[in-house]
Amino acid sequence: MTSLSVDSLTPSAAALPSPDLSDDVLIPTTTSNAPDQGLQRSTCYERKLGDCELSYYLPGRATGVNDMYLHLGFKSPERCMPQRRVRAVWAILRVRHPLLGSKVVMRGYEDVRFVFHPPASPEDALAEAGSELDYRCQSKDDLLEWYLNGPRTLSNERLSYLVVSRTPVPGGELPTPPATPPTSADPPTEHSTEGDRVVDFELFICAAHFIGDGMALHQFANDFFGLLGSASSTEEMEQLVADEWKLRWGQPLPLDVMLLQPQKNRFRRAAGQIDFQNFVDKQIGGQCFPRRSDPVRHTVVPTTSFNGDLTKAMIKKCKAQGVSISSALFAICNVAYARMSPRGKQELPMMMYAPINVRPYFPKPAHDSYWFLAVGYFNIVLPNFIPASCDVSKTFWLRARQAKGQSSRIASSPMLLSRHRAMAITRGKQSRQWAKEDDEKAAGVWVPPAPTSDKPLPPRHPSVALLGLSLLGNLDGVYKHANFPDIKLHTLTTGSRQRHSAMLMFGYTFAGKLWISLGYDENGFDRGTIELFWANVHAAVHEFLT
């Protein structure tokens, strides 16, 4: 997906982060400043969405397909969680990361823009944060059901949203904190004796996928807890809001326009196009789960964690075989599906897709926000059979090493960025065409394209992915638990609102445990099919990794 371009200039630290394949960045339109503050409401910054940003934005306009979430369950003293304090932390991060508070304006399929009005004052920043913050008393499962299967939470006017929930206790729900933050005259709860009581909370972060990716979500959550669990008082947090606002928006900003420079060397451009086409042609996959049509999509997210000792043993076993847990999970899915695949359909290989974080491959942006889209995709192709004459354990570890070799070659390829850009252009074109067709069908004016005399060439091979795997690695390297010792994170679930018949598996270590989860539309597949696959996944984990 999109990220900062190696071929582009970078904006100043005051500008919005910009992806590759974006035509321009942050063109400010400013009237006169108020005499006692840095900005008026008429100050506005905008830029076009890049191709991959569009490929996430356009399909999600109606129902919020791709809208991300990150759920974290944790225990915290009540003194850390008054709504006023949470609002201040949320405001600080929104000031630091302007895409969180931006809006989207669609003027045409070729002209969709982020529009950002900086807060006019620190008080305005707090008020805006408060309007996008909700306190509740709901369980994790209730929050997932609300976000994934209810009406869309996000919109063109709201690109991020934060929910803090006190976990209901058996026998009755705890009262929801008041919707209005207490005034400065109220006694600070963080200094009260009762504030030392430890309570279970759920944090639910909602963000549009076209403003960032999973790495941005996790870095944000780490910063959120770092501020929330710090020794600073709520009053000091609110002063930090003022300091951040003054640093970033409290004075007139320079006019900075960034234009993406296309590859000017014709030979390199042609070589990149040929390499991308050859790369695509090698993606062979002929396996898919049987799907069914149901007008009602219903996403479920079964999640399993393995205790710390078992996780350590799994990691040790994988290292002894020269692979990581991530590579082993590709092989787990391979064996799990092959065992339920009919013998007559095992000729074609199995293909699985996975995102790749491309942030390390780009220069450090001038803007210090990590909220931008910087993820690409790659495929892992493995045989879809288990030889009867071989030890299945040897076959499993061979497949894990094959997955490692394929992913390593893709990540180390000198053509990685060229492929990333070519894929962004392709996805952008497709999303515009499909969005236009969807809108015309909704308006009742769509006309099928006229048939042509040219017969399309049949595909040389099928290229269908069985499922996607988002392998996040060791998230304990992202969350600096020592920076918020009073807050104990214990549960993490992540994913996005899905389209019909979609499926995405996650694998990661967090809080010392290995976690696997499978988000899928339970109405989009033949009954019992995914349940059997998920049972096979668990059986394979215990058979090969424990």
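Summary table below
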{"quantity": "Volume per residue that the Cα convex hull of region 303-351 spans, once the total is divided by residue count, Å³", "calculated": "106"}
{"quantity": "q = 0.10, 0.16, 0.23 Å⁻¹, region 299-399: log10 I(q)/I(0) [Debye, one scatterer per Cα]", "calculated": "-0.44, -0.93, -1.24"}
{"quantity": "Two-decimal Rg/Rh across region 475-519, once Rg and the Kirkwood Rh are taken from alpha-carbon atoms", "calculated": "1.09"}
{"quantity": "Compactness of region 198-354 as Cα Rg over 2.2 N^0.38 Å, two decimals", "calculated": "1.65"}
{"quantity": "Over region 281-351, relative contact order from alpha-carbon pairs under 8 Å, at least 6 apart, %", "calculated": "65"}
{"quantity": "Accessible surface of region 73-156 [probe 1.4 Å, protein heavy atoms]: carbon and sulfur percent", "calculated": "49"}
{"quantity": "Spherically averaged projected area in nm², based on the convex hull that wraps the Cα atoms of region 70-117", "calculated": "5.1"}
{"quantity": "Per residue accessible area of region 349-437, 1.4 Å probe, in Å²", "calculated": "46"}
{"quantity": "Members of Lys312/Lys480; Lys103/Lys441; Lys345/Lys436 lying beyond 29 Å, as alpha-carbon distances in this model show", "calculated": "Lys345/Lys436"}
{"quantity": "Intensity falloff of region 347-408 expressed as log10 I(q)/I(0), Debye formula with alpha-carbon point scatterers, at q = 0.27 Å⁻¹", "calculated": "-1.17"}
{"quantity": "Qualifying chymotrypsin sites (Phe, Trp or Tyr not before Pro) in region 516-546, DSSP loop, other Cβ atoms within 10 Å at most 15", "calculated": "none"}
{"quantity": "Tensor-based shape of region 81-155 (alpha-carbon gyration tensor, a/c under 1.5 rounded, otherwise prolate or oblate)", "calculated": "oblate"}
{"quantity": "Globularity ratio of region 311-469, using Cα Rg and 2.2 N^0.38 Å", "calculated": "1.37"}
{"quantity": "Among 158-169, 284-295, the order from most to least packed when residues are scored by Cβ within 10 Å on average", "calculated": "158-169, 284-295"}
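The values are calculated or read from the model by the stated rules, or taken from the named source; none is laboratory data. No experiment lies behind these values; they were computed from the predicted model shown. Cβ sites come from the backbone with ideal geometry, for glycine too, and all protein chains shown count toward neighbours. With ligands, DNA and RNA removed, areas are computed over all heavy atoms of the protein, side chains included. Shrake-Rupley method; radii C 1.70, N 1.55, O 1.52, S 1.80 Å.
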